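Bear in mind these aren't lab numbers, they're just calculated from the coordinates by the rules spelled out. None of these values were measured; they are calculated from a predicted model. Don't worry about glycine lacking a Cβ; one is built from the backbone with ideal geometry, like all the others, and counts go over all protein chains shown.
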Amino acid sequence: MTTPQLAPGRLRYHLVRLVLKAVCSAYVRTRVIGAARIPAQGSYIICFNHPSWLDPIFFAAFWPDLHRDLYIFGPREQDMSTGVRNRAITWTRRGVPVQPGAHDVIDTTRRAVSVLRSDACLAIAGEGRLSDHEGEILPLETGLAHFAKLAQVPILPVAIVGTRWVSFGSQVSMRVGEPVYPDAYGGGKAGARAMTDEVGLRLQAMLVGVEDRDPPGWLGRTISEAFNDRPWLDQPASAQDR
């Protein structure tokens, strides 16, 4: 049975946006580059690189499109009723949660497409996990292209830079690329893979020259790593290469 996607009320939606914006602005500087590339009409998918747990927060706070509601794809959780972060996401009604292991792939697809058919935008971390370096993306998963094809909406690549390590006065930038439209690609897995690869190329191009920053002081490290989950870094090198 499909779980209905409840839309956030307008007061709740903008209250969350303004609170997050105020909190983030008190600590770092944020700018959006290339906002004119955002489609003027209709829904779209945002595909962003994912160096930090903070990325969805910056999208919720600073994404400049105020005409369409912004939803975040994720997180991957078995039970969204446990944990402070999960309960907060549930309260905002902005999340499209996913169960680990793709056990609810049909329901997840229906929820994602439902959001896109409601004249909203859906932000997806296309790598499917946290990346290890800000200037280098992991291979993108093809699910976002399947969503785009089912809903007939473009994918907008957006590179987020500066969230891996945040410190007082540091800068976070969101670089908007040219949208990729599904009509230019064939059907099936091959078409989805080709569309995904093109999004990846555009996303990586916006990260050329971006290098990892040195970790900041205690406060910055604490904020930057609060909810980051990189279990593979604790594995032996031989296991990481499998």
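With each label point set 7 Å from Cα along the Cα-Cβ vector, what nm distance links ALA36 and LEU11?
3.9 nm
What list of ³J(HN,Hα) couplings, whole Hz, do you get for region 52-66 from phi and the Karplus terms 6.51, -1.76, 1.60, once you set θ to phi - 60° and write x for glycine and proline?
Per residue, the Karplus-derived 3J(HN,Hα) values read 8, 5, 6, 3, x, 5, 5, 5, 4, 8, 10, 4, x, 7, 9 Hz.
How large is the dipole of region 130-236 about the Cα centre if only Lys and Arg carry +1 and Asp and Glu carry -1, each at its Cβ, rounded to the nearest 20 debye?
On the way: 9 positive and 14 negative charges, 55 e Å.
Dipole about the Cα centre, nearest 20: 260 debye.
Put a dot 7 Å past each Cα toward the Cβ at LYS21 and ARG117; how far apart are the dots in nm?
Distance between label points: 3.2 nm.
List the residues, sorted by chain then number, that are 5 or more residues from ILE33 or on another chain and whose placed amide H is less than 5 Å from its amide H.
Placed amide hydrogens put MET174, ARG175, VAL176 under 5 Å from ILE33.
Sort 123-135, 15-27, 150-162 by packing, meaning the average of other beta carbons within 10 Å per residue, with the highest value first.
So the peptides 123-135, 15-27, 150-162, ranked by packing, come out 150-162, 123-135, 15-27.
Shape of region 154-219 from its Cα gyration tensor (a ≥ b ≥ c, root eigenvalues): rounded if a/c is under 1.5, otherwise prolate when a/b > b/c, or oblate?
Verdict is prolate for region 154-219.
Each residue of region 28-41 in order: what ³J(HN,Hα) in whole Hz does its phi give by Karplus 6.51 cos²θ - 1.76 cosθ + 1.60, θ = phi - 60°, with x for Gly and Pro?
So the Karplus estimates, Gly and Pro as x, are 9, 9, 10, 9, 10, 10, x, 4, 5, 7, 5, x, 6, 9 Hz.
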